[in-house]
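Reading through the structure tokens given below for one structure.
The values are calculated or read from the model by the stated rules, or taken from the named source; none is laboratory data. Bear in mind the structure is a predicted one, so any value in this text is a computation, not a measurement. With ideal geometry, Cβ positions are generated from the backbone for all residues, glycine too; neighbour counts draw on all protein chains shown.
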Amino acid sequence: MEKDEFIEFLCQRRPQCNARSAKTHWYTLIKIYKLYKKSEQTKLPKTSRWVKRNLLEKFEDFTPTKKRNFISTLVVYLRITKATKSKIAWFCDQMYQVVKKIRKHHREFGNQRTERQKRLWIAPEHLEKFYKESVKTAQEFLNLRRKLVRYENFEVRDSLMVIIHNNPHNPPPRNDWATAVFSESAEGDDEQTKVYRVKTRWFVGIYGKTKKARGQSKIPLKAPFSTLLAKYIKKNKLKFGDRLFTNNSGNPFTASSYGAHIRAIFKKRFGIAAGTSMLRVMYISNKYKMLPQILRDLEMDAKTMMHNSETSREHYLKHL
């Protein structure tokens, strides 16, 4: 199966399928199949007979999260190709064992930075300086009374991306802005990220990975970003339905290429390829740096008082 054929094949067999997750499963399966075949094969068989238990041996050096994601994709593939119930159950159990290890690790070490996070960490004062520089760069170009040349538009686009994902005053999103379109409203049949205005206020409507539980999140955009965004849309004469950001070739970003572009921006500035996930970790860690210790103390006090920390928060902790 080629990619488009696989996506159609998957969505015919899964009632709640969406193209984005189907595409992710496709790329993951191709990686797995390449490990199995030890070749650059880019087609998938329509049957899952090639998926054997010893295939998981090739995942041994993966991080637990990557291993979980790969096995999860295999489970989806086994189900849509109608593998035997015992085979599906065995792979489900393997995934569950990995999930248990991840949860145990999070309970014990979740508040500690990994070695990779330590390598990618950027001091908060440097992040704030980069944010201010990006605001200034965008303001200078957008205030020019002429059409921007190509490289100037790239500078403005990258500055706006930095403001979106590295704003000390607003929580950073995931890669959902990759598909952002200028829209008349938040409504629509598709699940694209929509940037729209209600009177004088700007909002972004994002479905994101929590869409099943939360639906669309409508988030107000604050100044100076909202002001810069309005000027950017006007300067580029964007119409309803136009993509907000495109790559240097003028093509729409995918979530993957958008994330890679963010990493390239931070690599150029700091020599550190920090992506959107890492920027979210740094934002929360910097803003609530005392919270992990407070939560640990709360749990110890709760044990001494012979109840759990949830009881402490709900019954004993009061606003003063």
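Among the residues in region 286-303, are any touching a residue at least 24 places away in the same chain (Cβ under 8 Å), surrounded by 15 or more Cβ atoms within 10 Å (Cβ to Cβ), in contact with a helix residue (DSSP H, G or I) (Cβ under 8 Å, 6 or more places away or on another chain) and closer than 30 Å to residue 21 by Cβ?
Scanning region 286-303 turns up no residue that is touching a residue at least 24 places away in the same chain (Cβ under 8 Å), surrounded by 15 or more Cβ atoms within 10 Å (Cβ to Cβ), in contact with a helix residue (DSSP H, G or I) (Cβ under 8 Å, 6 or more places away or on another chain) and closer than 30 Å to residue 21 by Cβ.
Among (1) in the same structural domain as residue 167 (by TED's automatic domain parsing); (2) on the phi < 0 side of the Ramachandran plot; (3) free of Cβ contacts under 8 Å to residues at least 40 places away in the same chain; (4) not charged (D, E, K, R), which single condition is residue 259 missing?
(3)
Do you know which residues across region 262-320 are of a type in the set (Ser, Thr, Tyr), assigned to a helix (DSSP H, G or I) and more than 30 Å from residue 155 (Cβ to Cβ)?
Answer for region 262-320, where residues must be of a type in the set (Ser, Thr, Tyr), assigned to a helix (DSSP H, G or I) and more than 30 Å from residue 155 (Cβ to Cβ): 304, 309, 311, 312, 316.
Give the residue, chosen from 131, 77, that is out of contact with any Leu (no Cβ under 9 Å at 6 or more places or on another chain) and at negative phi.
131
Report yes if residue 207 is among the hydroxyl-bearing types (Ser, Thr, Tyr), modelled with pLDDT of 90 or more, assigned by TED's automatic domain parsing to the domain that holds residue 134 and closer than 23 Å to residue 22 by Cβ, otherwise no.
Considered against the rule, which asks whether it is among the hydroxyl-bearing types (Ser, Thr, Tyr), modelled with pLDDT of 90 or more, assigned by TED's automatic domain parsing to the domain that holds residue 134 and closer than 23 Å to residue 22 by Cβ, residue 207 comes out as no.
Only one of these is of a type in the set (Val, Ile, Thr) and surrounded by fewer than 19 Cβ atoms within 10 Å (Cβ to Cβ): 156, 149, 162, 204. Name it.
149
Take the residues in region 262-274 that are touching a residue at least 60 places away in the same chain (Cβ under 8 Å) and not aromatic (Phe, Trp, Tyr), then tell me which one is surrounded by the fewest Cβ atoms within 10 Å (Cβ to Cβ).
272
Looking at (1) touching a residue at least 60 places away in the same chain (Cβ under 8 Å); (2) of a type in the set (A, V, I, L, M, F, W, C); (3) exposed (fewer than 13 other Cβ atoms within 10 Å of the Cβ), which is the only condition residue 10 fails?
So residue 10 meets the others, but not (3).
Could you check, for region 249-256, whether at least one of its residues is surrounded by 15 or more Cβ atoms within 10 Å (Cβ to Cβ), in contact with a helix residue (DSSP H, G or I) (Cβ under 7 Å, 6 or more places away or on another chain) and over 24 Å from residue 141 (Cβ atoms)?
Among the residues of region 249-256, at least one is surrounded by 15 or more Cβ atoms within 10 Å (Cβ to Cβ), in contact with a helix residue (DSSP H, G or I) (Cβ under 7 Å, 6 or more places away or on another chain) and over 24 Å from residue 141 (Cβ atoms), which makes the answer yes.
Return the residues of region 31-59 that are polar (S, T, N, Q) and either under 12 Å from residue 77 (Cβ atoms) or at pLDDT 85 or above (or both); say none if nothing qualifies.
Once the filter is applied, which keeps residues that are polar (S, T, N, Q) and either under 12 Å from residue 77 (Cβ atoms) or at pLDDT 85 or above (or both), region 31-59 yields 47, 48, 54.
Residues to consider are 86, 72; find the one that is of a type in the set (Gly, Ala, Ser), surrounded by 13 or more Cβ atoms within 10 Å (Cβ to Cβ) and either closer than 19 Å to residue 13 by Cβ or assigned by TED's automatic domain parsing to the domain that holds residue 9 (or both).
72
Can you report the number of residues in region 171-184 which are touching a strand residue (DSSP E or B) at 6+ places or on another chain (Cβ under 8 Å) and part of a loop (DSSP other than H, G, I, E, B)?
4
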